[in-house]
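A short worksheet on the structure shown next.
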Amino acid sequence: MNKGIRQFCVGGLLSALGISCGAEQLICPPSTRIASATLTGVPEHWVVVPSDGKLKLFGVRFYSGPPSQRAELKPEPVASREKGVIQSRWDFGADASSKDGVWMRCDYGQQAVSMATRVPDNVTQCVDRYRKTKGGFAFEGISCKTE
């Protein structure tokens, strides 16, 4: 692994990309399940039926501070040499050193549910990767640079 670069592993693409992860990892689980949910605005005479299927990892987002503060960081597009691959880059700058730091949100089931975690303060940049599929785009992974 290159000095100054650590792979923060997300999803199951890692071995296909030749990415190896060290001991320090920030990982979005590849899938999750919803055990219970509360829905509002359900019309009278309707019943909520929980899904029994897995929700697959849909993508990631980054925030300045906890996602509840709604300060989402906007990425810059990155040119890819591979056909059908889209990449985006987040440069954290001052957000990484702020009191609340940078947070990564993992979205599941086309954003039906999310989990979030604070990114280590020494991470300065992350690049995500999606591949074009018949149904749209599939999230493949993310890599991050540290100071």
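Every number here is computed from the coordinates shown, using simple stated rules; none is lab data. Treat the numbers as computed from the prediction; the structure is a model and nothing was measured. Note: ideal-geometry Cβ built from the backbone for every residue, glycine included; neighbour counts use all protein chains shown.
With 28 Å as the limit on Cα-Cα distance, the pairs of 56/145; 74/134; 99/145; 83/145; 99/132 that go past it are 99/132. Site pair residue 72 and residue 99 shows an inter-label distance of 2.5 nm when each label is modelled 7 Å from Cα along Cα→Cβ.
Classified by the C-alpha gyration tensor, the range 87-147 has an oblate form. Its axis ratio a/c, with a ≥ b ≥ c, is 1.5 or above, and a/b does not exceed b/c.
Distance between the modelled labels on residue 79 and residue 91, one decimal in nanometres: 1.6 nm (7 Å Cα→Cβ projection).
Taking a ≥ b ≥ c as the square roots of the Cα gyration tensor eigenvalues, the range 49-92 comes out oblate, since a/c reaches at least 1.5 and a/b does not exceed b/c.
According to the square roots a ≥ b ≥ c of the eigenvalues of the Cα gyration tensor, what is the shape class of the range 44-147, taking rounded for a/c under 1.5, prolate for a/b larger than b/c otherwise, and oblate for the remainder? Oblate, because a/c is 1.5 or more while a/b does not exceed b/c.
Can you give the local net charge around residue 91? Use residues other than it whose beta-carbon is closer than 14 angstrom to its beta-carbon, Lys and Arg +1, Asp and Glu -1. Residues close to residue 91 contribute a combined charge of -1.
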